[in-house]
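The values are calculated or read from the model by the stated rules, or taken from the named source; none is laboratory data. Bear in mind that the values here come from a model prediction, so they are computed numbers and not experimental data. Glycine also receives a Cβ, built like all others from the backbone with ideal geometry; neighbour counts cover every protein chain displayed. Just the protein is used for accessible areas: all its heavy atoms, side chains included, with ligands, DNA and RNA removed. Shrake-Rupley method; radii C 1.70, N 1.55, O 1.52, S 1.80 Å.
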Amino acid sequence: MKLASIDNKTRDGQLVVVSKDLTKAIAVPSIATTMQAALDNWKEAEPKLKAVYESLNAGNEQSFDFNSVRVLAPIPRAYHWADGSAYVTHVELVRKARNAELPESFWTDPLMYMGASDAFIGANDDIEIANEDWGIDFESEVAVITDDVPPGVSAEKALEHIKLITILNDVSLRNLIPAELGKQFGFYQSKPWTAFAPVVVTPDELGDSWKDGKLHLPLYSTLNGNLIGSPNAGIDMTFNFGELIAHAAKTRSLMTGTVIGSGTVANQGSPTGSSCLAEVRCLETIKEGKPSTPFMKFGDRIEIEMKDNEGKSIFGRINQVVKEYR
């Protein structure tokens, strides 16, 4: 099943069911008006939404063209957004480029930060930044959305709490990060709005590509028409989503609608294994002594997409242009 939120001039948008091929959609106000409302009543809402999904794919005449509306983030604002760094080889590479050792604990204890979830942005919304000198970078990731998760949940049981899956662009301002981390209090200014793919899907929609708490498909990142990377999200993922959720819920419960990110998808030793410019620059530094690829500038376009084994888009495409914030 595929779901989305479209613009209806409210903060939380209108929940719609989207066809498998992403061409048609239908509003379902009698089931739930918003994504959060559907999640809050998931046990009753899910079978009703699936019935609409099946009808839509069979040619329900009440549908409308999904491309004719402005799509919001599937969950336009969430109670909780935590982003991990599950691809430890990515962290290892970044530290290697600056001659810093990777603590052994990074392989056994996930890195995670809590981000801004009071507003997420849609797949086609601009990346609005005030200054190019801040080091504008994209980060292509996989994310899951949970129901209520009890504190102290095991990694195995945590997988049962995943209700929806999607991809996202966790924009980073690289040149602001060192000063913030130097304060030893985490990210804030260096993490502007996060953008999400047009739709979220239920795990069953992914078939055999979703297994062991990982999504085993390539994630494509294209900057100004040039492929930056297409790493397989199921490879080199040190911590699966069950482990990430369990880490987040170690000392407290997680509320329905919690979004957990994978961190930047990366494959070690692959020429197309990067999902951000920081990693590309690190590889250049290790090989040539300095980076040659610049961070994004105003006017640059980043596209992020994941396709199934038949080459069809699963979540729709993130398609954003960097614009000067005014």
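Quick notes on this one:
- Condition broken by residue 308, with the remaining ones in (1) closer than 29 Å to residue 18 by Cα; (2) surrounded by 15 or more Cβ atoms within 10 Å (Cβ to Cβ) satisfied: (2)
- Of all residues in region 76-109, those that are surrounded by fewer than 20 Cβ atoms within 10 Å (Cβ to Cβ) and touching a Phe, Trp or Tyr at 6+ places or on another chain (Cβ under 6 Å) total 0.
- Residue within region 239-248 that is touching a helix residue (DSSP H, G or I) at 6+ places or on another chain (Cβ under 7 Å), surrounded by 15 or more Cβ atoms within 10 Å (Cβ to Cβ) and in a loop (DSSP other than H, G, I, E, B) present: no
- Number of the condition not met by residue 173 [criteria: (1) touching a residue at least 60 places away in the same chain (Cβ under 8 Å); (2) at negative phi]: (1)
- Condition met for residue 117 (under 23 Å from residue 303 (Cα atoms), of a type in the set (S, T, N, Q) and at pLDDT 95 or above): yes
- Test: residue in region 169-186 that is at pLDDT below 95, open to solvent by less than 60 Å² (accessible area, probe 1.4 Å) and in a loop (DSSP other than H, G, I, E, B): yes
- So residue 132, is it within 25 Å of residue 91 (Cα to Cα), free of Cβ contacts under 8 Å to residues at least 24 places away in the same chain and buried (at least 16 other Cβ atoms within 10 Å of the Cβ): no
- Check on residue 296, over 19 Å from residue 73 (Cβ atoms), at pLDDT 95 or above and of a type outside the set (Phe, Trp, Tyr): yes
- Of all the numbered requirements in (1) open to solvent by less than 10 Å² (accessible area, probe 1.4 Å); (2) under 30 Å from residue 321 (Cα atoms), residue 213 misses one, and that requirement is (2).
- Beta carbons closer than 8 Å, at least 6 apart along the sequence or on distinct chains, pair a first residue in region 20-35 that is among the charged types (D, E, K, R) with a second that is modelled with pLDDT of 95 or more and open to solvent by 50 Å² or more (accessible area, probe 1.4 Å) for 20/57; 21/312; 24/64; 24/65.
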